[in-house]
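**Q** Here it is, the structure, as structure tokens.
The values are calculated or read from the model by the stated rules, or taken from the named source; none is laboratory data. Just so it is clear, the structure is predicted and the values come from calculations on it, not from any experiment. As a convention, Cβ positions derive from the backbone with ideal geometry for all residues, glycine included, and neighbour counts pool all protein chains shown. To get the accessible areas, we keep the full protein, side chains included, count just its heavy atoms, and leave off ligands, DNA and RNA. Shrake-Rupley method; radii C 1.70, N 1.55, O 1.52, S 1.80 Å.
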Amino acid sequence: MTDIIKGDGAIRRQGLYGSSIENTYAGVLSFMRRNYSRDLTGADVVVSGIPLDLSTTFRSGARQGPQAIRAASVQLAELKPYPWGFDPFDDLAVIDYGDCWFDAHNPLTIKPSIIEHARTILASGAKMLTFGGDHFVTYPLLIAHAEKYGKPLALLHFDAHCDTWQDDDPDSLNHGTMFYKAVKEGLVDPKKSVQVGIRTWNDDFMGINVLGAPWVHDNGVDATIAEIKKTIGDAPVYVTFDIDCLDPSFAPGTGTPVPGGLTTAQALKIIRNLGDLNIVGMDVVEVAPSYDQSEITAIAAAHIACDMLCLMRNKKVAGKL
Ligand code: MN
Ligand code: MN
């Protein structure tokens, strides 16, 4: 690229393409140093945060997840991502839109605020890559994505928890019941949906196909990828990654950790092989930096998000975005 900026590319880059040279430990933070901007013009993918943690059932703290993931992404902005070997931003226009604003002190306004945030971005034609926040944020995101892309969507859901516990209160803020509501409301087709890494019990998985963590460990990553592709096919799919899908040894910084989860290596291999899917939206949620050690969790989340962007880059280059 001709306009090589040295430092603070997030606010100094002209145009949306290319990368800047940064001291990794310094400067204005944005996800992977993308333009920190509310101008949606020309953006292929819009990164934003939803700093909500009022819906948690155990430990709160995910409101600081978006900041932690941005901070952890600085190393990824320095080199071409591995194993891809290209700069995704030579071809893919990505902005960091900042965080969704909502009034945390008026809980009933939060869901509509998130839906409006997503509607604004999706109306531009861009895809969303969203950072939680607790997992509740995926529910209003699914509502907005189903409006845009048609319902029901397929759901690819990485998590220790199924998040289909029964909840018939339309106003509840609960990070364990979103997919119960999403299936009941027809936002998600359970037959075309897959949950990966589950290791908590629920009597009712709402008909969603479950590849529990023990199944992944017993059958391996290649079989997991094959099952995902077979079930979802070419259906429009929303990908949501609850970071507690990873084992607590790989992601201690989260609100409801459960032993026996996936390794970061397993998760990254699965994500990197999702290029055939028709992905319409993505999120990474439940990073709670106050319980993290040495940024392990935030760095894992940043890598997962970076790989999601690399999938989008390949789709754009192939004319399939
Ligand atoms: Mn979850
Ligand atoms: Mn979870």
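**Q** Which of the helices in the chain meet the span-like rule: DSSP H, Cα axial reach of 18 Å or more, Kyte-Doolittle mean at least -0.5?
**A** Sorted by number, the helices that extend far enough and score high enough are 110-123, 296-317.
**Q** Taking the Cα atoms of the chain alone, what are Rg (to one decimal) and Dmax (as a whole number) in Å?
**A** Rg and Dmax of the chain, Cα atoms, are 18.0, 58 Å.
**Q** Quick one: length gained pulling Ile11 to Asn278 fully straight, 0.36 nm per residue minus the C-alpha distance?
**A** Between Ile11 and Asn278, full extension yields 92.9 nm more.
**Q** What accessible surface, in Å², does a 1.4 Å probe find on Met32, ignoring ligands, DNA and RNA and rounding to the nearest 10?
**A** 10
**Q** Relative to the present Cα-Cα distance, how much length would full extension add between Thr120 and Lys230 at 0.36 nm per residue of separation?
**A** In short, 36.3 nm is gained.
**Q** What's the FRET efficiency of Ile21 with Gln293 using the Cβ-Cβ distance as r and R₀ = 35 Å, to the nearest 0.05?
**A** Working: r = 30 Å, r/R0 = 0.86.
Given R0 = 35 Å and the Cβ-Cβ separation, E is 0.70.
**Q** What net charge do the residues around Thr109 carry, taking every other residue with its C-beta under 14 Å from that of Thr109, with Lys and Arg at +1 and Asp and Glu at -1?
**A** Every neighbour counted, the sum reads -2.
**Q** Let me ask something additional. Output the pairs from Lys184/Lys269; Lys6/Lys269; Lys184/Lys316; Lys192/Lys269 with a Cα-Cα distance over 25 Å in this structure; if there are none, say none.
**A** Result: Lys184/Lys269; Lys6/Lys269; Lys184/Lys316 exceed 25 Å.
**Q** Okay, moving on. So, in nm, how far is label Trp201 from label Lys320 when the simple model puts each one 7 Å beyond its Cα toward the Cβ?
**A** In this crude spin-label approximation the distance works out to 4.1 nm.
**Q** Take every Cα pair under 8 Å in the chain that's 6+ residues apart, average their separations, divide by the length, and report that relative contact order as a whole percent.
**A** 19
**Q** Would you calculate a helix-derived [θ] at 222 nm for the chain, using -39,500 (n - 2.57) for each DSSP H run of n ≥ 4 and dividing by the full residue count, to the nearest 500?
**A** -9000 deg cm²/dmol
**Q** Contour minus end-to-end for Thr57 and Asp90, with contour as 0.36 nm per residue of separation and end-to-end as the Cα-Cα distance?
**A** Here the answer is 7.7 nm.
**Q** By the scheme Lys and Arg +1, Asp and Glu -1, what is the net charge of all other residues having a beta-carbon under 15 Å from that of Asp39? Could you put the intermediate results ahead of the total?
**A** On the way: positive: Arg12, Arg13, Arg34, Arg38; negative: Asp44, Asp96.
Once all neighbours under 15 Å are counted, the net charge is +2.
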